[in-house]
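Enquirer: Structure below; questions to follow.
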Amino acid sequence: MKKLDARDIKDMGLLKHYRIIRKWASKNNDLTSADLELLIYLDCINYFTINDFKMGVYSYSWNNRRWNKLLQEDWIKLWRHRNRTTQKYNIYTISFKGKQLIQKIYRIMLGDDDIPTSERRNSIMKGKSYIDKVLQTSIHNVNKDKER
């Protein structure tokens, strides 16, 4: 398997529309950008502990309720309970809902999927605020760009 280098990623245009895709994912799933990027980070780890979560949080804005919010809203799920003898801590993983969102983001970045443009599947398309109207134009531009 060929190793990717910086030039390959640039030629793919992988991060070209990342900001718009991130805004779409955040707004439609009631997540902050930091929450979304943290989920992507934790998904790369696959199975993680609360300490791994704390290590990932260092580079994001401080929010002491983030862990409970992600756990209660089913973005993170408990994979293995601790038993106080052989397993000294709980192990968590990204939930099916979280994995589906992350996979959708990857498919949009690669150009396999488009950002949804129906009002039912994309709350930005309702155009309630000025920012939504600006994002609508950006979303249409992302969907038109087939060389992402």
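Every number in this text was worked out from the coordinates using simple rules, so none of it is lab data. Because the structure is predicted, anything quoted here is derived from the model rather than measured. Here the Cβ positions follow ideal geometry from the backbone for every residue, glycine too, while neighbour counts run over all protein chains shown.
Enquirer: Please find, within the stretch 72-96, the residue that is farthest from the chain's Cα centre (by Cα) out of those that are surrounded by 15 or more Cβ atoms within 10 Å (Cβ to Cβ) and of a type outside the set (A, V, I, L, M, F, W, C).
Expert: Restricting attention to the stretch 72-96, the residues satisfying the condition of being surrounded by 15 or more Cβ atoms within 10 Å (Cβ to Cβ) are 73, 75-76, 91-95.
Within this subset, residues satisfying the condition of being of a type outside the set (A, V, I, L, M, F, W, C) are 73, 92-93, 95.
Values: 73: 14, 92: 17, 93: 14, 95: 12 Å.
Only one residue tops the list, namely 92.
Enquirer: Still on this structure, please answer the following. Only one of 43, 114, 52, 35 is acidic (Asp, Glu), surrounded by 13 or more Cβ atoms within 10 Å (Cβ to Cβ) and free of Cβ contacts under 8 Å to residues at least 24 places away in the same chain; which?
Expert: Working: 43 fails: free of Cβ contacts under 8 Å to residues at least 24 places away in the same chain; 114 fails: free of Cβ contacts under 8 Å to residues at least 24 places away in the same chain; 35 fails: free of Cβ contacts under 8 Å to residues at least 24 places away in the same chain.
Going through 43, 114, 52, 35 in turn, just one is acidic (Asp, Glu), surrounded by 13 or more Cβ atoms within 10 Å (Cβ to Cβ) and free of Cβ contacts under 8 Å to residues at least 24 places away in the same chain: 52.
Enquirer: Test residue 23 against the criterion of being among the basic types (Lys, Arg) and either surrounded by fewer than 16 Cβ atoms within 10 Å (Cβ to Cβ) or more than 21 Å from residue 106 (Cβ to Cβ) (or both), and give yes or no. Can you show your working first?
Expert: On the way: among the basic types (Lys, Arg): yes; either surrounded by fewer than 16 Cβ atoms within 10 Å (Cβ to Cβ) or more than 21 Å from residue 106 (Cβ to Cβ) (or both): no.
Answer is no for this residue.
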